[in-house]
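Have a look at the structure below, then the notes.
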Amino acid sequence: HEADAWEHSNFPIICESCLDDNPYVRMTRAEYDKECKICTRPFTVFRWRPGRDARYKKTQICQTCSKLKNVCQVCLLDLEYGLPVQVRDTALSIDSNDSSCTQHRNVSNTLLQPERAVLLAEWAILQPERPVLQGERPILQGERVVLV
């Protein structure tokens with residue numbers, strides 16, 4: 001089932017400026033509402049209004065692309081430095097033409113390679129006593145990472 005490889009998330013990856021200083025924000029969540037602007041997979045869209053006079057904000061890219069590029073899902077600025085990605089990549093001498101988010105589109109019943117790498121890292125943190133054997137691959141079942 002193709003939807004098994006899609007993203008399930010409970011909270012967006014966003015910078016402090018997009019969240020604003022109000023600790024009580026009402027957010028709506030729509031699962032598989034739009035497709036990611038980078039990898040074109042459906043993802044969970046979050047929408048909220050950071051302040052009384054502010055416009056509504058919503059997520060533009062999926063969490064996998066956000067984690068890989070370390071950017072806010074809303075404004076697409078770098079989470080660490082607050083810079084546009086191209087400026088950050090130039091300053092840090094990073095290849096910004098890396099197609100790791102888009103190279104494995106429309107893969108059914110398996111996760112994308114970058115997402116698989118993120119899941120392997122999470123597995124190593126959560127299950128340090130259980131090494132990953134050669135030939136095993138991580139999949140997401142609900143909220144759990146499982147090796148098959």
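The values are calculated or read from the model by the stated rules, or taken from the named source; none is laboratory data. Quick caveat, the model's predicted, so the values are computed rather than measured. As a convention, Cβ positions derive from the backbone with ideal geometry for all residues, glycine included, and neighbour counts pool all protein chains shown. Surface areas here come from the heavy atoms of the whole protein model, side chains and all, with no ligands, DNA or RNA. Shrake-Rupley method; radii C 1.70, N 1.55, O 1.52, S 1.80 Å.
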Review point. Which residues, counting only those in the stretch 52-83, are basic (Lys, Arg) and part of a loop (DSSP other than H, G, I, E, B)?
Key: 52, 55
Revision key, fill the gap. If we keep only residues of the stretch 8-25 that are under 15 Å from the mean Cα position of the chain (by Cα) and free of Cβ contacts under 8 Å to residues at least 60 places away in the same chain, then the residue surrounded by the fewest Cβ atoms within 10 Å (Cβ to Cβ) is 10
Review point. Which condition number in (1) touching a residue at least 24 places away in the same chain (Cβ under 8 Å); (2) over 18 Å from residue 11 (Cβ atoms) is the one that residue 44 fails?
Key: (2)
Practice item. Could you look through the stretch 70-109, keep only residues that are charged (D, E, K, R), modelled with pLDDT under 80 and in contact with a helix residue (DSSP H, G or I) (Cβ under 9 Å, 6 or more places away or on another chain), and pick out the one that is least open to solvent (accessible area, probe 1.4 Å)? Key: 98
Review point. What number of residues within the stretch 1-25 are closer than 15 Å to residue 67 by Cβ and modelled with pLDDT of 90 or more?
Key: 5
Check your understanding: If a residue has to be in a loop (DSSP other than H, G, I, E, B) and closer than 26 Å to residue 22 by Cα to count, how many in the stretch 34-51 make the cut?
Key -> 3
Point to revise | Condition met for residue 28 (at pLDDT 90 or above, of a type in the set (Val, Ile, Thr), assigned to a strand (DSSP E or B) and surrounded by fewer than 18 Cβ atoms within 10 Å (Cβ to Cβ)) | key: yes
